[in-house]
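What follows is calculated from the coordinates using simple rules that are stated; it is not laboratory data. Note that the structure is a prediction, hence the values are computed from the model and not measured. Heads up, the Cβs are rebuilt from the backbone with ideal geometry, glycines too, and the neighbour counts pull from every protein chain shown.
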Amino acid sequence: MDYYNVLKVNRYATEEELKTSYKRLALIHHPDKHPPEKRIEAEHRFILISQAYDILSNPVKRKIYDQYGEEGLQYGGAAPPQHSSSSRQHCSSSRRNAQSSTYQCNPRSADDIYNDFFRRENGSEVLKNLKKKDDPIERMLFFTLEELYNGTSRRVKITRTVINNAGYSNIEEEVLTVDVKAGWKKGTKVTFNEKGDKKPGIIPADIVFVIGEKPHARYTRNGNDLVITEKITVADALTNKTLEIPALDGRSLLIQLPNVVTPDYEHKVPNEGMPIIKQPGRKGTLKIKFDIKYPSRLTPQQKSDLRSVLS
């Protein structure tokens, strides 16, 4: 086995060159980074790369390998017997469990080599990146239109299962605070990182709260705008009526209508809609639609009076 070729370095490679090459190749060929159909091939390559680095990064093993080759490592640094090929054993490692503990060979598992290397290089961050993470857990939280207009906070209790390395489990509880900013829209997501179940070798799932909007008795929301429909009489529609409309923050809005309100007229009040989250201090538009109530019948005198006024 040509370990220099496995690591893609020459026979005079320095310690730093060995480290750089091993790091690059190990990250490329790590089995956990490959789909199931390619994992066996990747694991075989990963084992060879780790075995090559374990030997060439150790000055004693490298000297023996350079002088006597792979067989020399099996005979404690001595030249192998002339007729050793028929009974030769490969000094090889597995992915996880070493198969030999002899002085000459003593291979470490590929995972141990890999973990030790990256633990020294970057602490646990690289290893964490290779762990699988549970899928996010989404949960709807519904708020009133008033709460979305003014902003609010809500405390939510969650529970999670914690399983230790021995397989024992217990239940943990935690209270999370969801802070809703004024103007948030339905569908906005609030993420609490890694608050899901804890299991060995798995990064906990993120808990994601999805903001929902409860129906309102009077208002509907259209983006940053608020829409309301007011019922008025024909007399109101023709006489500059002043409307009093309750705002979502508790204020009373006094809105004077124009001279004539037609059935399809829409009155717009700037800056009285929902707060615009990306433009602090600004709001959308309040749009007022009208449901004009016509009388079911008129007396002859009323008809005469109307003709006189409107003609």
### Query
Which residue, Gly187, Gly167, Gly212, has the most motion in a Gaussian network model of the chain that connects Cα atoms within less than 10 Å?
Gly167
### Query
Over region 1-73, what is the relative contact order in whole percent, taking alpha-carbon pairs under 8 Å and six or more residues apart?
31
#### Entry: Projected area, mean over directions - the chain, Cα convex hull, nm²
28.6
### Summary
Restricting to aspartates and glutamates and to Cα separations under 19 Å from Lys19, and discarding same-chain partners fewer than 8 apart, the set is Asp2, Asp54, Asp66, Asp111, Asp112, Asp116, Glu121, Glu125
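With r defined as the distance between the Cβ atoms of Lys133 and Glu15 and R0 fixed at 51 Å, what FRET efficiency is calculated, to the nearest 0.05?
Numbers: r = 34 Å, r/R0 = 0.66.
That pair, Lys133 with Glu15, gives E of 0.90.
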### Query
Which of Ala52, Ala42, Ala235 moves the most in a Gaussian network model of the chain with Cα springs under 10 Å?
Ala235
### Query
For the charge dipole of the chain, defined by +1 on Lys and Arg C-beta atoms and -1 on Asp and Glu C-beta atoms about the Cα centroid, which residue among Asn240, Met140, Leu254 has the Cα displaced farthest towards the positive pole?
Asn240
### Query
Can you give the net charge of the other residues whose Cβ lies under 15 Å from the Cβ of Ile245, counting K and R as +1 and D and E as -1?
-1
### Query
Relative to the first principal axis of the alpha-carbon coordinates of the chain, what is the inclination of helix 300-310, with its axis defined by its Cα atoms, in degrees from 0 to 90 and to the nearest 10?
70
### Task
Please list the non-local residues whose amide H lies under 5 Å from the amide H of Ile203, H modeled 1.01 Å from N, same-chain partners needing a gap of 5 or more.
Lys132, Lys133, Asp134
### Message
Under the rule of at least 5 residues apart or a separate chain, name every residue whose amide H is placed under 5 Å from the amide H of Arg282.
### Response
Ile276
### Task
Towards the positive end of the charge dipole of the chain, with charges on Cβ (+1 Lys, Arg; -1 Asp, Glu), say which of Asn222, Asn150, Ile28 has the farthest Cα.
Asn222
### Task
With 10 Å bins from zero, work out the P(r) of region 219-297 over every alpha carbon pair and list the percent per bin.
18, 47, 26, 8, 1, 0
### Query
Counting only residues 5 or more places away or on other chains, whose amide H sits under 5 Å from the amide H of Asp225 once H atoms are built in the peptide plane?
Met274, Thr285
### Summary
The ³J(HN,Hα) series, computed from each phi in region 49-65 with the Karplus coefficients 6.51, -1.76 and 1.60 at θ = phi - 60°, rounded to the nearest Hz and given as x for glycine or proline, is 4, 5, 5, 5, 5, 4, 7, 6, 7, 9, x, 5, 5, 5, 5, 5, 4
### Query
Quick one: putting +1 on the C-beta of Lys and Arg, -1 on the C-beta of Asp and Glu, what dipole do you get for the chain around its Cα centre, in Debye to the nearest 20?
720
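Given the -39500 (n - 2.57) contribution per DSSP H run of 4+ residues, what per-residue ellipticity at 222 nm results for the chain, rounded to the nearest 500 deg cm²/dmol?
On the way: 10 runs with 97 residues, N = 311.
-9000 deg cm²/dmol, from helical runs alone.
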### Query
Which ³J(HN,Hα) values, rounded to whole Hz and listed in residue order, are derived for region 18-30 from phi using the Karplus coefficients 6.51, -1.76 and 1.60 in 6.51 cos²θ - 1.76 cosθ + 1.60 with θ = phi - 60°, glycine and proline given as x?
5, 4, 4, 5, 4, 4, 5, 6, 5, 5, 5, 9, 4
### Cα convex hull volume per residue for region 132-213 (Å³)
73
## Note on the structure
One would report the antiparallel percent of DSSP beta bridges in the chain, rounded to the nearest 5, as 60
## Note on the structure
Among Tyr53, Tyr265, Tyr294, the residue with the largest mean-square fluctuation in a Gaussian network model of the chain built from Cα contacts under 10 Å is Tyr294
## Note on the structure
In the chain, taking the dipole from +1 charges on Lys and Arg beta carbons and -1 charges on Asp and Glu beta carbons about the Cα centre, the listed residue (Asn165, Gly284, Pro270) farthest towards the positive end is Pro270
### Query
Which of the trypsin sites (Lys or Arg not before Pro) across region 216-311 are loop residues per DSSP, with 16 or fewer other Cβ within 10 Å?
Arg218, Lys241, Arg251, Lys278, Arg282, Arg297
